[in-house]
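The values are calculated or read from the model by the stated rules, or taken from the named source; none is laboratory data. Everything numeric here is computed off the predicted structure, so don't read it as measured data. In this analysis, Cβ positions are derived from the backbone assuming ideal geometry, glycine residues included, and neighbour counts consider all displayed protein chains.
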Amino acid sequence: MSTAHDIREAVAPALVPLGLVVADVSVSPAGRRRVVRVLVDRDISALDPADTASTVVPLSLDEVADGTRAVSDALDGPGDSPESDVMGATPYVLEVSSPGVGRPLVTHEDFRRQVGRLVEVHRRGEGGTETGRLVEVTTDEVVLGIPASKKVPARTVRLALGEVERGVVQVEFTRRASEPGTDGDPRDDDEDDLADDEDLDEVEHHHDHEHDHSGDDADHDSHTLRDHEEN
């Protein structure tokens, strides 16, 4: 039976030309089938190491759709290729999506992709939490801009990645006028901010394939692509 590691190894090379990487893979039983869930995200390995504060554009629906086809083709493979054995004979349902806002940020890459977003950072142990705008992510630390409150002035908090347990992106419906959108749009009014949030807070873009390997080649090739959904 295929493991998550096997699947990751099989699909990762197919995503490289698309500028995508595998963020996570899980395999779970579902009756007589398996559900294979693959999270894909933007490859940021080409970013200049000195660039620690630019925003990374979230994946579009079209990019997730392209990733879905690449993952599906990599798992199916030509009939006589080693790739065709990755999933074996057991039928499976493939779900490909981009990470939702609820997925914890753990690695440097996770945090780097979220520069510009409001993030709640949990320190390890009893270190508590800090919530602020993620303004910079270096290889060693994350930098949060904490807005002013009634009694406390605005401040900057620098946290070593080693002391961070996880981060959680916070869903925003509006931003203050002093905090314009981070998508490069010159508008900084409420209309732009709300548009930014509607674009950026798409929790997951789903594309599902159903694969039945129990039949002949015609059945194998007849898997259907459902319409993508925005949760």
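Side notes on the structure shown:
- Contacts under 6 angstrom Cβ, first residue in the range 32-50 being within 24 Å of residue 73 (Cα to Cα) and free of Cβ contacts under 8 Å to residues at least 60 places away in the same chain, partner assigned to a strand (DSSP E or B) and β-branched (Val, Ile, Thr), 6 or more apart: 34/27; 36/27; 38/25; 38/96; 43/21
- Selection within the range 94-111 - in contact with a Ser or Thr (Cβ under 8 Å, 6 or more places away or on another chain) and within 17 Å of residue 51 (Cβ to Cβ): 108
- Which numbered condition residue 94 fails, given (1) crowded, with 17+ Cβ neighbours inside 10 Å; (2) outside the structural domain of residue 35 (by TED's automatic domain parsing): (2)
- Where a residue in the range 132-160 is at pLDDT 95 or above and its partner, wherever it lies, is basic (Lys, Arg) and not in a strand (DSSP E or B), with Cβ under 8 Å and at least six apart: 133/117; 134/117; 137/112
- Residue list for the range 122-155, filter: β-branched (Val, Ile, Thr), loosely packed, with under 12 Cβ neighbours inside 10 Å and more than 24 Å from the chain's Cα centre (by Cα): 152
- Residue satisfying all of: in the range 22-31; touching a residue at least 24 places away in the same chain (Cβ under 8 Å) and buried (at least 17 other Cβ atoms within 10 Å of the Cβ); nearest to residue 140 (Cα to Cα) among these: 23
- Pair list, Cβ under 9 Å, 6 or more apart: the range 103-116 residue among the aromatic types (Phe, Trp, Tyr), other residue assigned to a helix (DSSP H, G or I): 111/161
- Residue among 89, 50, 65 that is in a loop (DSSP other than H, G, I, E, B) and under 30 Å from residue 172 (Cβ atoms): 50
- Meets criteria (buried (at least 18 other Cβ atoms within 10 Å of the Cβ) and either outside the structural domain of residue 24 (by TED's automatic domain parsing) or farther than 29 Å from residue 20 by Cα (or both)) for residue 161: no
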